1. With a 1.4 Å probe and all protein chains in place, put 78, 99 in order of accessible area, largest first.
2. For the chain, what is the mean residue ellipticity at 222 nm derived from helices alone (per DSSP H run of n ≥ 4: -39500 (n - 2.57); sum divided by total residues; nearest 500 deg cm²/dmol)?
3. Taking the 0 to 90 degree range and rounding to the nearest ten, how far is the long axis of helix 7-28 tilted relative to the main principal axis of the chain, both from C-alpha atoms?
4. What is the dipole size for the chain, taken about its Cα centre, with +1 at each Lys and Arg Cβ and -1 at each Asp and Glu Cβ, in debye to the nearest 20?
5. Taking a quarter of the surface of the convex hull around the Cα atoms of the range 10-71, what do you get in nm²?
6. Among 46, 77, 21, which residue has its Cα furthest toward the positive end of the charge dipole of the range 1-120, with +1 on Lys/Arg Cβ and -1 on Asp/Glu Cβ?
7. Where only protein heavy atoms count, and the probe is 1.4 Å, what is the accessible area per residue for the chain in Å²?
8. At what distance in nm do the modelled label points of residue 14 and residue 96 sit from each other, each positioned 7 Å from its Cα along Cα→Cβ?
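The values are calculated or read from the model by the stated rules, or taken from the named source; none is laboratory data. Note that this is a predicted model, so its numbers are computed, not measured. All Cβ positions, glycine included, derive from the backbone under ideal geometry; neighbour counts span all protein chains shown. Heads up: the accessible areas ignore ligands, DNA and RNA and are worked out on the full protein's heavy atoms, side chains in. Shrake-Rupley method; radii C 1.70, N 1.55, O 1.52, S 1.80 Å.
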Amino acid sequence: MLWGYDGWFWASVVIGTLSCLICLVQALRGREPDDFSQGSVLILELFLLVYVVGSIFLPIFGSEASGSVLEYWGYLLTALLIPAGTFIWSLVERSRWSTLILAAAGPVVIIMVYRMNYIWYYQNV
(Lines give C-alpha, C1' and ligand atoms only; values in the text may rest on other atoms or scores of the structure.)
Protein backbone atom coordinates (compact mmCIF):
# COMPACT_ATOMS: atom_id res chain seq x y z
CA MET A 1 0.00 0.00 0.00
CA LEU A 2 1.28 3.39 -1.00
CA TRP A 3 0.08 6.38 1.07
CA GLY A 4 -2.70 4.25 2.49
CA TYR A 5 -4.10 3.09 -0.86
CA ASP A 6 -3.72 -0.31 -2.47
CA GLY A 7 -2.53 -1.15 -5.98
CA TRP A 8 -6.09 -1.44 -7.25
CA PHE A 9 -6.71 2.21 -6.42
CA TRP A 10 -3.53 3.39 -8.12
CA ALA A 11 -4.33 1.28 -11.19
CA SER A 12 -7.77 2.93 -11.35
CA VAL A 13 -6.13 6.37 -11.11
CA VAL A 14 -3.83 5.63 -14.06
CA ILE A 15 -6.44 3.93 -16.26
CA GLY A 16 -9.24 6.35 -15.37
CA THR A 17 -7.08 9.43 -15.94
CA LEU A 18 -5.79 8.16 -19.29
CA SER A 19 -9.31 7.29 -20.41
CA CYS A 20 -10.60 10.71 -19.36
CA LEU A 21 -7.76 12.54 -21.13
CA ILE A 22 -8.19 10.54 -24.34
CA CYS A 23 -11.93 11.24 -24.41
CA LEU A 24 -11.50 14.93 -23.50
CA VAL A 25 -8.96 15.46 -26.29
CA GLN A 26 -11.25 13.75 -28.78
CA ALA A 27 -14.23 15.84 -27.58
CA LEU A 28 -12.26 19.09 -27.82
CA ARG A 29 -11.28 18.12 -31.35
CA GLY A 30 -15.01 17.80 -32.13
CA ARG A 31 -14.78 14.07 -32.83
CA GLU A 32 -17.57 11.58 -32.59
CA PRO A 33 -16.94 8.50 -30.43
CA ASP A 34 -14.30 6.37 -32.14
CA ASP A 35 -12.02 3.45 -31.41
CA PHE A 36 -9.75 5.54 -29.17
CA SER A 37 -12.45 7.03 -26.97
CA GLN A 38 -14.67 3.96 -26.80
CA GLY A 39 -11.68 1.65 -26.48
CA SER A 40 -10.35 3.56 -23.48
CA VAL A 41 -13.70 3.13 -21.73
CA LEU A 42 -13.77 -0.57 -22.60
CA ILE A 43 -10.32 -0.94 -21.03
CA LEU A 44 -11.69 0.78 -17.93
CA GLU A 45 -14.57 -1.72 -17.89
CA LEU A 46 -12.13 -4.61 -18.32
CA PHE A 47 -10.15 -3.30 -15.34
CA LEU A 48 -13.33 -3.32 -13.26
CA LEU A 49 -14.11 -6.90 -14.30
CA VAL A 50 -10.63 -7.93 -13.12
CA TYR A 51 -11.33 -5.93 -9.94
CA VAL A 52 -14.46 -8.04 -9.39
CA VAL A 53 -12.41 -11.24 -9.62
CA GLY A 54 -9.84 -9.77 -7.22
CA SER A 55 -12.63 -8.79 -4.83
CA ILE A 56 -13.96 -12.33 -4.84
CA PHE A 57 -10.56 -13.75 -3.89
CA LEU A 58 -9.55 -11.01 -1.42
CA PRO A 59 -11.42 -12.49 1.57
CA ILE A 60 -10.29 -16.00 0.64
CA PHE A 61 -6.65 -14.95 1.01
CA GLY A 62 -7.17 -13.43 4.44
CA SER A 63 -8.06 -9.75 4.01
CA GLU A 64 -11.32 -9.00 5.79
CA ALA A 65 -13.36 -5.89 5.11
CA SER A 66 -13.48 -3.39 7.97
CA GLY A 67 -16.72 -1.89 6.67
CA SER A 68 -19.95 -3.21 5.22
CA VAL A 69 -19.35 -5.84 2.56
CA LEU A 70 -22.81 -5.17 1.14
CA GLU A 71 -21.95 -1.49 0.71
CA TYR A 72 -18.64 -2.45 -0.92
CA TRP A 73 -20.35 -4.69 -3.48
CA GLY A 74 -22.99 -2.04 -4.10
CA TYR A 75 -20.27 0.43 -5.02
CA LEU A 76 -18.51 -2.15 -7.17
CA LEU A 77 -21.61 -3.13 -9.12
CA THR A 78 -22.50 0.54 -9.62
CA ALA A 79 -18.96 1.25 -10.82
CA LEU A 80 -19.35 -1.56 -13.36
CA LEU A 81 -22.46 0.13 -14.77
CA ILE A 82 -20.85 3.55 -15.33
CA PRO A 83 -18.42 2.70 -18.20
CA ALA A 84 -20.93 0.27 -19.71
CA GLY A 85 -23.66 2.92 -19.66
CA THR A 86 -21.46 5.60 -21.21
CA PHE A 87 -20.34 3.13 -23.89
CA ILE A 88 -23.93 2.27 -24.80
CA TRP A 89 -24.76 6.00 -24.83
CA SER A 90 -21.91 6.58 -27.30
CA LEU A 91 -23.30 3.88 -29.59
CA VAL A 92 -26.79 5.37 -29.57
CA GLU A 93 -25.92 9.06 -29.88
CA ARG A 94 -23.03 9.59 -32.27
CA SER A 95 -21.98 13.15 -31.45
CA ARG A 96 -19.03 14.88 -29.81
CA TRP A 97 -21.16 15.26 -26.70
CA SER A 98 -21.15 11.48 -26.37
CA THR A 99 -17.37 11.62 -26.37
CA LEU A 100 -17.59 14.09 -23.50
CA ILE A 101 -19.91 11.72 -21.62
CA LEU A 102 -17.32 8.95 -22.16
CA ALA A 103 -14.74 11.23 -20.50
CA ALA A 104 -16.82 11.30 -17.31
CA ALA A 105 -16.45 7.55 -16.77
CA GLY A 106 -12.78 7.78 -15.75
CA PRO A 107 -13.10 10.21 -12.82
CA VAL A 108 -16.29 8.53 -11.60
CA VAL A 109 -14.57 5.13 -11.49
CA ILE A 110 -11.58 6.62 -9.65
CA ILE A 111 -13.88 8.06 -6.99
CA MET A 112 -15.83 4.80 -6.69
CA VAL A 113 -12.64 2.73 -6.27
CA TYR A 114 -11.37 5.27 -3.71
CA ARG A 115 -14.56 4.77 -1.72
CA MET A 116 -14.33 0.98 -2.01
CA ASN A 117 -10.74 1.17 -0.77
CA TYR A 118 -11.91 3.17 2.23
CA ILE A 119 -14.75 0.75 2.99
CA TRP A 120 -12.47 -2.28 2.77
CA TYR A 121 -9.54 -1.00 4.84
CA TYR A 122 -10.59 1.91 7.05
CA GLN A 123 -14.34 2.09 7.70
CA ASN A 124 -15.36 0.62 11.05
CA VAL A 125 -18.77 -0.93 11.31
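1. 78, 99
2. Mean residue ellipticity, 222 nm, calculated: -27000 deg cm²/dmol.
3. The answer is roughly 10 degrees.
4. In total the dipole reaches around 280 debye.
5. That works out to 5.3 nm², a quarter of the Cα hull's surface.
6. About the Cα centre, the residue reaching furthest to the positive side is 21.
7. Ligands and nucleic acids excluded, the figure is 56 Å² per residue.
8. The modelled label-to-label distance comes out at 3.2 nm.
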